[in-house]
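See below for the structure under consideration.
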């Protein structure tokens, strides 16, 4: 087995590349090595969890066994951590996350079509799975998009990101955020406060997405002047939406009749997005949910895009994907 040794600009590290797709990072400073590895190898375990690479501590070196691409990501991450440790004297968990995010994002950008990237004022959003890419393209190209799948797959976040960029680019005049207020039985008149105060608790995930993408004060201003409108599903009847980007969230809690009503609000130069998680129906009778039925009824219409997410598309904490998968298995048994 042949190996080549490359010296890094940092004199304390050497890199040994082997033919079996492994990479050894050799440290000449054991204190530095111990700081990078962490107590009970906790830093290496965190790197393994984030990158999916196999990482071992051997003597005065760290061994990485994975694809060439992942080996380089871990290598760059460790170099980043070496700099952090040398400059700050300690490492925090956020440093581990930052060390990987910085280089994994670069890798994703290289492997992502530039048209799939969503550029918002605060950040650039990169779809993290093929299904997310499909969803982003549908959001840009189709008039009506219906998506279903578990929590954490980016359905709401990506839709809000596309809607916000279209609003800022003046391709539309307003964003409309809606959802069925099932917990209030749609009888919002019985709740205290004005309309915004009545529905705010139900639309919190949509607000969170907006604030993550644009400055809080500017979002508040947009809401005040009506560029962003909060409209509970029960109040959408009779309207025609023109020059708008309308999102119905938590659509698993909408009936056939309600989803039909929402979809038929579409007007000139508008998009309608319907998102939901069929595994989290809060209706008294789960068979009343119209989300899955809409696909059966409308699948022959080419103007409407249907995107089905699953646990492999979850982009929140890795444990969320495992939880979703476990529940799916249980539901089938």
**Prompt:** By average Cβ neighbour count within 10 Å, what is the ranking of 256-266, 294-304 from highest down?
**Reply:** 256-266, 294-304
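Let me know the whole percent of all Cα-Cα pairs from the range 118-332 that are separated by more than 24 Å.
Working: 9154 of 23005 pairs.
I get 40 percent for the Cα pairs in the range 118-332 exceeding 24 Å.
Taking 8 Å as the Cα distance limit and 6 or more residues as the minimum spacing, I'd like the relative contact order of the range 118-332 as a percentage.
Numbers: 357 pairs, mean separation 68.9, N = 215.
Rounded, it is 32 percent for the range 118-332.
Where Rh denotes the Kirkwood radius from the mean inverse Cα pair distance, what is Rg over Rh for the range 195-280?
Details: Rg = 13.3 Å, Rh = 13.9 Å.
That ratio is 0.96, to two decimals.
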**Prompt:** Given 0.36 nm per residue, what is the gain on full extension from residue 119 to residue 40 after removing their alpha carbon distance, in nm?
**Reply:** 24.4 nm
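Kirkwood Rh over Cα pairs of the range 238-333 into Stokes-Einstein at 37 °C, 0.692 mPa s: D in µm²/s?
Details: Rh = 15.0 Å.
Here the translational diffusion coefficient equals 218 µm²/s.
Among 211, 135, which comes first, then next, by fewest other beta-carbon atoms within 10 Å?
Values: 211 14, 135 29.
Least to most surrounded, the residues fall as 211, 135.
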**Prompt:** Any idea what log10 I(q)/I(0) is at q = 0.16 Å⁻¹ for the range 245-299, Debye with uniform C-alpha scatterers and no solvent?
**Reply:** -0.45
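Readers should treat all values here as calculations from the given coordinates under stated rules, not as data from a laboratory. Because the structure is predicted, anything quoted here is derived from the model rather than measured. Positions of Cβ are backbone-derived with ideal geometry, glycine not excepted, and every protein chain shown enters the neighbour counts.
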